[in-house]
Amino acid sequence: MNVLITGGAGGIGRACLRRFRDSGANTWSFDRADNDEPGIQSVSIDLTDHTSFDAHLDSLASIDVAVLNAGICRPQLLDQTTQEDWRSTLEINLTAVFFHLQAIARRMKQQRSGTIVLTASTNSFDGEPGLIAYNASKAALLGILHTAANELGPYGIRVNAVCPGLIQTPLTAAAFENESIVKPYFAALPLGRGGQPEEVSNTIAFLASNQASYITGASIFVDGGQMASKFATWNDQNATFANGEWKLN
Ligand SMILES: NC(=O)c1ccc[n+]([C@@H]2O[C@H](COP(=O)([O-])OP(=O)(O)OC[C@H]3O[C@@H](n4cnc5c(N)ncnc54)[C@H](O)[C@@H]3O)[C@@H](O)[C@H]2O)c1
């Protein structure tokens with residue numbers, strides 16, 4: 001099985017690559033940064049360069065699983081967001097995903113098989129302040145998801161998305177180190193803690209596998225219950241926050 005993962009040098013992409021590699025797949029990391037872990041083939045690429053992406057794709061015999069996962073997040077309030085903030089975020093988080101998916105779908109249609117997983121976000125649905133470009137990019141991924149699942153289903157190709165909440169990766173390292181951010185954030189999560197990249201890669205691996213053979217066009221939250229909760233779940237009266245998580249007293 002051949003597996004291509006964009007953003008494969010980052011937190012979630014790296015966990016996915018390990019997971020697929022350990023199950024015996026041939027794995028390719030497409031990222032501007034190297035992934036030099038054993039058994040992973042690292043392609044150094046600017047993913048917004050579509051000509052370069054297509055050329056690298058052509059060098060692979062076939063793609064069975066593609067995880068379109070690379071993304072950036074540049075916090076900025078609505079009225080402070082510059083054209084550069086907007087364009088650079090949409091370029092990698094949305095436009096690149098479309099062109100990657102298009103190129104991969106052309107290959108998979110010839111194969112009459114394949115699975116594609118997009119890394120969307122809880123921000124595909126909610127309006128977290130200070131993230132307007134990011135939120136717009138992740139919301140629009142659902143439009144790609146639904147249309148691609150619809151068009152590609154007849155060719156035996158499934159397309160799904162994971163929607164992670166706050167996951168501990170290089171992207172979120174500063175937040176995880178700041179208790180004044182994570183304590184109230186995690187107080188609103190039923191599971192009372194942030195997520196690990198492996199908890200997202202487990203879901204991606206499931207969606208990509210035959211275990212999910214009747215699932216397409218779906219978006220699955222991997223968020224500790226964030227999108228299911230509206231009211232504070234935890235408080236200092238009945239629980240203690242220590243080592244990055246809430247536990248009942
Ligand atoms: N960490 C979270 O809490 C969280 C939550 C929801 C969604 N996500 C999404 O998950 C995905 C992965 O996030 P992560 O937390 O692993 O982030 P990360 O920063 O650890 O990894 C992202 C990777 O993408 C690569 N990348 C970005 N732009 C690129 C470009 N133009 N060309 C080549 N490579 C590029 C980076 O080099 C990096 O290795 C992103 O799409 C992110 O939006 C993350």
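Can you give me the number of residues within the stretch 90-121 that are within 9 Å of the ligand (Cβ to nearest atom) and among the hydrophobic types (A, V, I, L, M, F, W, C)?
Within the stretch 90-121, residues that are within 9 Å of the ligand (Cβ to nearest atom) and among the hydrophobic types (A, V, I, L, M, F, W, C) number 5.
Can you confirm whether I167 is among the β-branched types (V, I, T) and near the ligand (Cβ under 10 Å from one of its atoms)?
For I167, the condition - among the β-branched types (V, I, T) and near the ligand (Cβ under 10 Å from one of its atoms) - is met.
In the stretch 151-223, which helices (runs of 4 or more DSSP H) lie fully inside it and hold 3 or more residues that are within 22 Å of Q102 (Cα to Cα)?
So the answer is 197-208.
Test each condition in (1) within 16 Å of the ligand (Cβ to nearest atom); (2) β-branched (V, I, T); (3) closer than 23 Å to L60 by Cβ for I132 and report the one that comes out false.
(3)
Only one of (1) closer than 24 Å to R14 by Cα; (2) within 16 Å of the ligand (Cβ to nearest atom); (3) open to solvent by less than 30 Å² (accessible area, probe 1.4 Å) is not met by I72, so which one is it?
So I72 meets the others, but not (3).
Scan the stretch 72-94 and report the pairs whose first residue is closer than 16 Å to A120 by Cα and at pLDDT 95 or above and whose second residue is more than 10 Å from the ligand (Cβ to nearest atom) and in a helix (DSSP H, G or I), with Cβ atoms within less than 6 Å and a gap of 6+ or a chain change.
Pairs found: R74/D85; T89/A133; L94/A140.
For the stretch 178-232, which residues satisfy the criterion of being away from the ligand (no atom under 14 Å from the Cβ), of a type outside the set (G, A, S) and open to solvent by less than 10 Å² (accessible area, probe 1.4 Å)?
L207, the sole residue that qualifies.
Using the structure shown, decide if G10 is within 15 Å of the ligand (Cβ to nearest atom), out of contact with any Phe, Trp or Tyr (no Cβ under 9 Å at 6 or more places or on another chain) and within 30 Å of S213 (Cα to Cα).
Against the criterion (within 15 Å of the ligand (Cβ to nearest atom), out of contact with any Phe, Trp or Tyr (no Cβ under 9 Å at 6 or more places or on another chain) and within 30 Å of S213 (Cα to Cα)), G10 qualifies.
Take the residues in the stretch 233-247 that are of a type in the set (G, A, S) and surrounded by 12 or more Cβ atoms within 10 Å (Cβ to Cβ), then tell me which one is farthest from the ligand (Cβ to nearest atom).
Ranking the qualifying residues of the stretch 233-247, first place goes to A239.
Taking F30 as meeting all but one of (1) crowded, with 19+ Cβ neighbours inside 10 Å; (2) part of a loop (DSSP other than H, G, I, E, B), write down the number of the exception.
Checking F30 against (1) crowded, with 19+ Cβ neighbours inside 10 Å; (2) part of a loop (DSSP other than H, G, I, E, B), the one that fails is (2).
Among the listed residues T119, T172, which satisfies the condition of being within 22 Å of L57 (Cα to Cα), modelled with pLDDT of 95 or more and among the hydroxyl-bearing types (S, T, Y)?
Every option except T119 fails the conditions.
Suppose we filter the stretch 156-177 for residues that are open to solvent by 10 Å² or more (accessible area, probe 1.4 Å) and over 13 Å from the mean Cα position of the chain (by Cα); how many remain?
Going through the stretch 156-177 one residue at a time, the tally reaches 9.
Out of the residues in the stretch 46-68 that are under 18 Å from the mean Cα position of the chain (by Cα) and open to solvent by less than 20 Å² (accessible area, probe 1.4 Å), which is farthest from the ligand (Cβ to nearest atom)?
Per the criteria, the residue is V65.
Give the stretch 14-29 a look and list any residue that's touching a residue at least 24 places away in the same chain (Cβ under 8 Å), within 19 Å of S59 (Cβ to Cβ) and within 15 Å of the chain's Cα centre (by Cα), or say none.
The one that is touching a residue at least 24 places away in the same chain (Cβ under 8 Å), within 19 Å of S59 (Cβ to Cβ) and within 15 Å of the chain's Cα centre (by Cα): S29.
Since R32 meets every condition but one in (1) farther than 24 Å from G114 by Cα; (2) within 14 Å of the ligand (Cβ to nearest atom); (3) without any contact (Cβ under 8 Å) to a residue 12 or more places away in the chain, which condition does it not meet?
Single failed check for R32: (3).
Select, from G143, G153, the only residue that is open to solvent by 10 Å² or more (accessible area, probe 1.4 Å) and free of Cβ contacts under 8 Å to residues at least 40 places away in the same chain.
Testing whether each residue is open to solvent by 10 Å² or more (accessible area, probe 1.4 Å) and free of Cβ contacts under 8 Å to residues at least 40 places away in the same chain leaves just G143.
The values are calculated or read from the model by the stated rules, or taken from the named source; none is laboratory data. For clarity, every value in this text was computed on a predicted model and none was experimentally measured. Ideal geometry is used to build each Cβ from the backbone, glycine not excepted, and the neighbour counts take in all protein chains shown. Each accessible area value is taken on the protein alone, full model and side chains, heavy atoms only, with ligands, DNA and RNA left out. Shrake-Rupley method; radii C 1.70, N 1.55, O 1.52, S 1.80 Å.
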